[in-house]
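Report on the structure given below.
The values are calculated or read from the model by the stated rules, or taken from the named source; none is laboratory data. This is a predicted model, so every value here is computed, not measured. So basically every Cβ, Gly included, is an ideal-geometry build from the backbone, and we count neighbours across all protein chains shown.
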């Protein structure tokens, strides 16, 4: 069921597949994506989990307002607000790319409210650049430049760059992934995201996360190289890594059955989950 919730200036859209007798999974997509990217994965997990899939502002159907804050900490607090609103004390997090870094930050800030981490090609080790952020944010032409760059690159080429088997790209996929960029209001938001970016968790911060984490990465990822996964497990105390052959960055589109199998098997073998 599609729902919205107001939080500190945002109207946040999310889908809620209710199953209160099962553990809750919170799904977080990557940069420029939306809950749509999990549409193949959700039906494979619905029998065993209650699922909340969030359109991280300003993406998907969440509000596109460049007066809001887009820092990772702010998004983490918004997710905790949604959990509290639905009386969910603990959840499993499944985050892709940017959503993976947000999941890690949630585990860092709220360790008592997370059971397991599934990180799909998570953003890692990116540092904040204050000078670059200010230069981009204060240039009045930046939204126009962002729009021109995305238009020139094209949604089809971005998907091809993210998927190993580009023959799975359909007209329906193109329409859905193209939809956010038809709204001019998203471009100032993208610029503000770059300005609000805090940088990824430091190695020291990662080493304090004791939540069991399973990292899944495609060996043909052209967006974030899978080798970063081997660096990440050096710092996460309870992390394991699975790499998938002939798979790119957008694994929920290419490999939903493999992800679902890993989630179900690893979930059963882990410590009992809070209900």
**Study point:** Checklist (1) closer than 19 Å to residue 101 by Cα; (2) more than 16 Å from the chain's Cα centre (by Cα) applied to residue 199, failing item
**Key:** (2)
Check your understanding: Hey, among the residues in segment 16-30 that are touching a helix residue (DSSP H, G or I) at 6+ places or on another chain (Cβ under 7 Å) and either touching a residue at least 40 places away in the same chain (Cβ under 8 Å) or part of a loop (DSSP other than H, G, I, E, B) (or both), which one's farthest from residue 158 (Cα to Cα)?
Key -> 25
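In segment 150-167, which residues are modelled with pLDDT of 55 or more and more than 26 Å from residue 245 (Cα to Cα)? Outline the logic, then answer.
If we filter segment 150-167 for residues that are modelled with pLDDT of 55 or more, which is where we start, we get 150-151, 153-167.
Residues satisfying the conditions are 150, 151, 153, 154.
Quick grid of which residues meet (1) in a helix (DSSP H, G or I); (2) surrounded by fewer than 16 Cβ atoms within 10 Å (Cβ to Cβ); (3) modelled with pLDDT under 95:
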{"site": "4", "(1), (2), (3)": "no, yes, no"}
{"site": "32", "(1), (2), (3)": "no, no, yes"}
{"site": "63", "(1), (2), (3)": "no, no, yes"}
{"site": "66", "(1), (2), (3)": "no, no, yes"}
{"site": "99", "(1), (2), (3)": "yes, no, no"}
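For the structure I just gave you, tell me whether residue 223 is in contact with a strand residue (DSSP E or B) (Cβ under 8 Å, 6 or more places away or on another chain) and within 26 Å of residue 92 (Cβ to Cβ).
On the way: in contact with a strand residue (DSSP E or B) (Cβ under 8 Å, 6 or more places away or on another chain): no; within 26 Å of residue 92 (Cβ to Cβ): yes.
Criteria not met by residue 223.
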Point to revise | Filtered residues of segment 232-275 (kept if modelled with pLDDT of 95 or more, loosely packed, with under 13 Cβ neighbours inside 10 Å and farther than 19 Å from residue 46 by Cβ) | key: 234, 245, 246
Exercise for review: For residue 70, indicate whether it is in contact with a strand residue (DSSP E or B) (Cβ under 8 Å, 6 or more places away or on another chain) and either assigned to a loop (DSSP other than H, G, I, E, B) or modelled with pLDDT of 95 or more (or both).
Suggested key: no
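Tell me which residues, restricted to segment 6-15, are surrounded by fewer than 15 Cβ atoms within 10 Å (Cβ to Cβ) and without any contact (Cβ under 8 Å) to a residue 40 or more places away in the chain. Break it down stepwise before answering.
Looking only at segment 6-15, we keep the residues that are surrounded by fewer than 15 Cβ atoms within 10 Å (Cβ to Cβ), and these are 6, 8-9.
Selection gives 6 alone.
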Check your understanding: Can you pull out the residues in segment 154-201 that are part of a loop (DSSP other than H, G, I, E, B) and within 23 Å of residue 125 (Cα to Cα)?
Key -> 163, 197, 198, 199, 200, 201
